[in-house]
Structures are given as C-alpha cells and as structure tokens.
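Asker: Could you have a look at this structure, given as structure tokens, before my questions?
The values are calculated or read from the model by the stated rules, or taken from the named source; none is laboratory data. From a predicted model like this one, the values you see are computed outputs, not experimental measurements. A quick note on method: Cβ atoms are made from the backbone with ideal geometry, for glycine too, and the neighbour counts reach across all protein chains shown.
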Amino acid sequence: MIDTKTARTRLGIVEYAVVGTGAPVVVLHGSPGGVDAAALMAGFLPRDEIAAVLLSRPGYLGTPLDGRTTADDQADLVAALLDELGIARAGVFSWSGGGPSGYRFAVRHPDRVDALVAFAAVSESYRLPDQDLATRLMFTSAPGRWLMRLLASHQPEQYVRGALSAEGDLTREQLDQRVAEVFADPVKRDFVLALGPTAEQDRTRRAGFANDIDRFAEITSLELERIAAPTLVVQGTADADLPPEHSYHAAAAVPGAELLTLDTGTHLALYTHPDAAAAQQRVVDFLLRR
C-alpha cells in the first residue's frame, strides 16, 4: 500500500502520493483506476531517479468529481497539484483513459512538460464497445467483483488467462504462450493480479468511469499538433481494449513524436509483453531525456 495524501489545490481536492526521489513524473491512470492503479503503472520507474507523482483523477477514490469533468479540467488540476507541491516542470506518463488529460496538459501547459509518454492512450473519440451481460455483471456488481477476487486468489493462472484474453486479440497459441510467460515471471504475474481490483467499477470509481466514457465520446480534437514536448507513444499491436489506431493517430499528429510498437502486445503490453523490460527501459530513458 502507498501512503496517499489529500491536497487542497486552487482547483479543488485531489488525492495523491509521491513515490521515489529525483526527476518528477506525473502518472495518469486509465479508466477505471485511481492512485492505486497509478502506483502499479509506476512500479518499474526507478525510485532513486524518478519521483512519481501519482494521483486519482476526478471521480476516482479520494478525488471527487466536483464538476471537473473535461480533459482540460483535469489537465489544469494536474498543474494545480504541481503548484501545491512546488514542482515547476515534470514528465508525464499516461495510460489508456489517462491519455486525454495527459495530452491536454502538454497543450495547455507547455512550459511545464519535460517529456510525454503515452501508452495505449485515448487520443480521439472513443465509445465503449458493447459488453455482454456476464462481463458487465463481473465488473459492476458486488458478487461479480467477489468472484473475480476469488478467482485471482485460488486460480491465478485462469485469472491471468482471462485478463490477457480480454485485453488482446491473440490466437489460441499466442495466448497460451503469453500466459505461460507471464505466469512464470513473478513481476508480470503479480502486476496482472494486482491490477484487477483497480479496474472494478465500484462506488469509489463509478462516477469517474462514467464521466470518462461520456467525455471520450465527445472528443473532436485534442489539438495534438500543438504539443511541443518530446513525445513517445507506446502501443501493442494486438490491443483489444483500445484500438491501436489511437496511438498511430497520436504519433502522426504530435510533431516529432516517436512510436514504439510491441508486436502481438495487448492493452497490458508494457507490463506483460516478452519485450516489456526493454520497452520499460526505453520509457525511463525517454522520461529522463537520456
């Protein structure tokens, strides 16, 4: 568990934590998520080189929605939190639903961004795909969430298989191999098992998730062409959660952006792909401008 705090910024309350020392990097979680998901995202960032500024975006855990619904609102809240912490500039690391606020932070506060890394990040209009009743109940009902936790505890390999299958378009053979690789690696296995509870749509995350989905559908342009910060876009080619085209669009739109693709990578590719360690090192080097 991380030690979270509450900051009363000029734009309202935000739950946050700072982990590590060194160059500051803001970590923006996906949808659903929270500061706990941000902590898992930042797990590979070296604590002696990077001070990871983790936060719950509005509507998640200890950060109330309070009308801060748009990507611009959330980008400005990041700036307000950095003001509260006395941080002038920072790197930004976003994943999935944290993409719009990360991109807009770089647009609206260009003088405060050292580098931007966007992993499988929403960059244009997005609508949640239709889900069958069983899937919806699994994530949104108390019995479903209890069953997921039970599966993770007593049948972890099946849980990992289910997560990788849901997050990627893999053949049966590819899925079997990926599950075996992840389950044999304690770091990868524990990441997948720990991530599950942060994606539950319980009362502490429901408002944030519903708002995210509504706002993502309304996106017409994030003005990516205005981003001046060095930008690295990371994407798995077999992502079934967010179409890879979001990353390809961002990499083409952001001036000078670099694109790192992970072949057959799922929505969890940066943490579960066979080349995850090398990709993570690339992210660290990019954030530190090495």
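Asker: Take Ala71 and decide whether it is surrounded by fewer than 23 Cβ atoms within 10 Å (Cβ to Cβ), small (Gly, Ala, Ser) and either in contact with a helix residue (DSSP H, G or I) (Cβ under 9 Å, 6 or more places away or on another chain) or under 20 Å from Val283 (Cβ atoms) (or both).
Answerer: Criteria not met by Ala71.
Asker: Name every residue in region 62-117 that is under 17 Å from Glu225 (Cβ atoms) and not hydrophobic (A, V, I, L, M, F, W, C), in order of residue number.
Answerer: Asp72, Gly99, Pro100, Gly102, Tyr103, Arg104, Arg108, His109, Pro110
Asker: Could you tell me whether region 213-224 includes any residue that is surrounded by fewer than 15 Cβ atoms within 10 Å (Cβ to Cβ), in a loop (DSSP other than H, G, I, E, B) and of a type in the set (Gly, Ala, Ser)?
Answerer: yes
Asker: On to the next question. Among the candidates Gly12, Gly97, single out the residue that is more than 18 Å from the chain's Cα centre (by Cα), assigned by TED's automatic domain parsing to the domain that holds Gly236 and surrounded by 17 or more Cβ atoms within 10 Å (Cβ to Cβ).
Answerer: Answer to the check: Gly12.
Asker: I'd like the full set of residues that are surrounded by fewer than 20 Cβ atoms within 10 Å (Cβ to Cβ), in contact with a helix residue (DSSP H, G or I) (Cβ under 9 Å, 6 or more places away or on another chain) and hydrophobic (A, V, I, L, M, F, W, C), limited to region 270-283.
Answerer: Ala277
Condition check ((1) at pLDDT below 95; (2) crowded, with 24+ Cβ neighbours inside 10 Å; (3) assigned by TED's automatic domain parsing to the domain that holds Gly208) across all residues:
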site	(1), (2), (3)
Leu54	no, yes, yes
Tyr60	no, yes, yes
Gly91	no, yes, yes
Pro110	no, no, yes
Pro143	yes, no, no
Leu147	yes, no, no
